[in-house]
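Just so it is clear, none of the values below were taken in a lab; they were calculated from the coordinates. The structure presented is a predicted model; accordingly, all values stated were derived computationally and were not measured. All Cβ positions, glycine included, derive from the backbone under ideal geometry; neighbour counts span all protein chains shown.
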Amino acid sequence: MQDQIKNLFVEHLEVAKQSAEKLEDKIAQACKIITDCIKSGNKVLLFGNGGSAGDAQHIAAEFTGRFFKERKSLPAIALTTDTSALTAIGNDYGFERVFERQVEGLANAGDVLIGISTSGNSENVIRALKLGKTIGCHTIGLSGRDGGEMNEYCSPNIVVPSPVTARIQEMHILIGHIICSEVDAIY
Ligand SMILES: O=C(CO)[C@@H](O)[C@H](O)[C@H](O)[C@H](O)COP(=O)(O)O
Ligand SMILES: [Zn+2]
């Protein structure tokens, strides 16, 4: 038990170290896209499944509520929270379209889509990113493993260097908080 706890901390710290070494440029690129988007009056839309749905909501709340600094509310929305939309779209069009259809209704050119998927392959995430590109949205990926299909639809796709879903998710929320610090810094 004690060994297992220690091992998980060691594994987490190793993935954090590798991520710091490999992902700095892509995270900086994502921060620039997001701060430019907010400055120009556009908005951020986030989506993912399971733990990544939680991350989408968590990050959106840091924008509309506050992160560290007292500042005005900023425009971000998680597409994972409206159970009426999720059940209606899932029921009528299929679960693979739950985010795509909300992007179609809510996103404008210049908005930023942040798709979160540890495999990089969840079909509902991919379909929303693919549509977002055709609308003229910026598409940012938070993924892991080999980046999956998100490599094709995201620029940048921030691929956490780990094959373990839980470790990838732990880096995603850290990266989300880094983005929030950069957004705070423009106020
Ligand atoms: O949080 C966890 C596992 O740590 C799960 O809920 C996990 O998010 C779900 O299995 C997701 O459906 C995985 O999808 P994805 O990350 O590959 O897009
Ligand atoms: Zn999890």
Stokes-Einstein D for region 30-87, Kirkwood Rh over Cα pairs, 37 °C, 0.692 mPa s (µm²/s): 271 µm²/s
GNM flexibility winner over the chain from 18, 57, 169 (Cα, springs under 10 Å): 18
Net charge of Cβ neighbours under 15 Å - reference residue 18; Lys, Arg +1; Asp, Glu -1: -2
Lysine pairs with alpha-carbon atoms under 23 Å apart, the chain, spacing 8 or more or separate chains: 20
Centre separation in Å (Cα based) which lies between region 113-132 and region 55-90: 17 Å
Under the Debye formula (equal points on every Cα, no solvent term), log10 I(q)/I(0) of region 2-184 at q = 0.16, 0.18, 0.19 Å⁻¹: -0.93, -1.16, -1.27
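Compute the signed sum of charges (Lys and Arg +1, Asp and Glu -1) over the other residues within less than 11 Å, Cβ to Cβ, of residue 63.
+2
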The chain - percent relative contact order, Cα under 8 Å, separation 6 or more: 24 percent
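Which is the longest part of the chain that has none of the trypsin sites (Lys or Arg not before Pro) sitting in a DSSP loop with at most 11 other Cβ atoms within 10 Å?
On the way: sites that count: 69, 72.
Free of exposed loop sites, the longest segment is 73-187.
Using only helices, what value at 222 nm comes out for the chain when you add -39,500 (n - 2.57) per DSSP H run of length 4 or more and divide by the total residues, to the nearest 500 deg cm²/dmol?
On the way: 7 runs with 109 residues, N = 187.
Calculated at 222 nm, the ellipticity per residue is -19000 deg cm²/dmol.
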